1. If Gly80 passes every condition in (1) under 17 Å from the mean Cα position of the chain (by Cα); (2) modelled with pLDDT under 95 but one, which one does it miss?
2. Only one of these conditions is not met by Leu17: (1) within 15 Å of Tyr128 (Cα to Cα); (2) exposed (fewer than 14 other Cβ atoms within 10 Å of the Cβ); (3) of a type outside the set (Gly, Ala, Ser). Which number is it?
3. So which residues in the stretch 103-146 are closer than 30 Å to Ser86 by Cβ and among the small types (Gly, Ala, Ser), if there are any at all?
4. Among the residues of the stretch 128-143, is there at least one that is under 18 Å from Thr38 (Cα atoms) and at pLDDT 95 or above?
5. Of all residues being surrounded by fewer than 20 Cβ atoms within 10 Å (Cβ to Cβ) and without any contact (Cβ under 8 Å) to a residue 60 or more places away in the chain in the stretch 117-131, which is nearest to His54 (Cα to Cα)? Just the residue, please.
6. Taking only pairs six or more apart or across chains, which ones have beta-carbon atoms under 9 Å, a first residue in the stretch 64-79 that is within 19 Å of Ile98 (Cβ to Cβ) and touching a residue at least 24 places away in the same chain (Cβ under 8 Å), and a second residue that is hydroxyl-bearing (Ser, Thr, Tyr) and surrounded by 14 or more Cβ atoms within 10 Å (Cβ to Cβ)?
7. Report whether or not Leu103 is surrounded by 14 or more Cβ atoms within 10 Å (Cβ to Cβ), part of a helix (DSSP H, G or I) and modelled with pLDDT of 95 or more.
8. Would you confirm, using the coordinates I've provided, whether Val24 is of a type in the set (A, V, I, L, M), in a helix (DSSP H, G or I), touching a Gly at 6+ places or on another chain (Cβ under 6 Å) and at pLDDT 90 or above?
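The values are calculated or read from the model by the stated rules, or taken from the named source; none is laboratory data. All of these numbers come straight from a predicted model, not from anything done at the bench. We place every Cβ from the backbone using ideal geometry, glycine too, and count neighbours over all the protein chains shown.
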Amino acid sequence: MYEIIQVLHSYLAYIVLALLFLAVANALMGWQGNKMFTMQKDLRLSLFALILSHIQLLVGLILYFVSPSGLNAIQTLGMGGLNSASRLLALEHPFINIIAIILITIGWSRHKKFMEGNKKFKSIAIFYGLGLVLILSRIPWGQWFN
């Protein structure tokens, strides 16, 4: 069960990162180009990025509780016993990614309050962009590609 969830979490991460990157790039181009916010492209791209990032968070939380390198590592070794690699998986990765998903959700909620496309794009670009940077900062790259 653990291996299936870990593989799902890893492969879903590629899709989430691609969608977040596309949503941020689209929002930046719309913001800088003073484009109109459309339901067909702009809304759907941002919405799919939001939904899949939340699904990724749920899969990650399940993985955190069933993985030996998640909560179990903290319970076994204690906070002082974690080395940098295990601290990344057990503490930093989940905590920072929860903050990232909160920022993405704030960006989605804020964009709905605005009528002008420029402000919608700005909200999505800033908050989704911050979320993407946080996610990229705490990916366990060395373990992801092994």
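1. (1)
2. Every condition holds for Leu17 apart from (2).
3. Across the stretch 103-146, the qualifying residues are Gly129, Gly131, Ser137, Gly142.
4. Step one: filter the stretch 128-143 for residues under 18 Å from Thr38 (Cα atoms), giving 128.
In the following step, the residues that additionally are at pLDDT 95 or above were identified as 128.
Checked the stretch 128-143: at least one residue is under 18 Å from Thr38 (Cα atoms) and at pLDDT 95 or above.
5. Our first condition is that a residue be surrounded by fewer than 20 Cβ atoms within 10 Å (Cβ to Cβ); within the stretch 117-131, this holds for 117-119, 126, 130.
Filter once more, so that each one left must be without any contact (Cβ under 8 Å) to a residue 60 or more places away in the chain: 119, 126, 130.
Numbers: Lys119: 24, Ile126: 18, Leu130: 16 Å.
Here the answer is Leu130.
6. Pairs that qualify, where the first residue is within 19 Å of Ile98 (Cβ to Cβ) and touching a residue at least 24 places away in the same chain (Cβ under 8 Å) and the partner is hydroxyl-bearing (Ser, Thr, Tyr) and surrounded by 14 or more Cβ atoms within 10 Å (Cβ to Cβ), are Gly70/Tyr64.
7. Details: surrounded by 14 or more Cβ atoms within 10 Å (Cβ to Cβ): yes; part of a helix (DSSP H, G or I): yes; modelled with pLDDT of 95 or more: yes.
Against the criterion (surrounded by 14 or more Cβ atoms within 10 Å (Cβ to Cβ), part of a helix (DSSP H, G or I) and modelled with pLDDT of 95 or more), Leu103 qualifies.
8. On the way: of a type in the set (A, V, I, L, M): yes; in a helix (DSSP H, G or I): yes; touching a Gly at 6+ places or on another chain (Cβ under 6 Å): yes; at pLDDT 90 or above: yes.
Here the answer is yes, as Val24 does meet what is asked.
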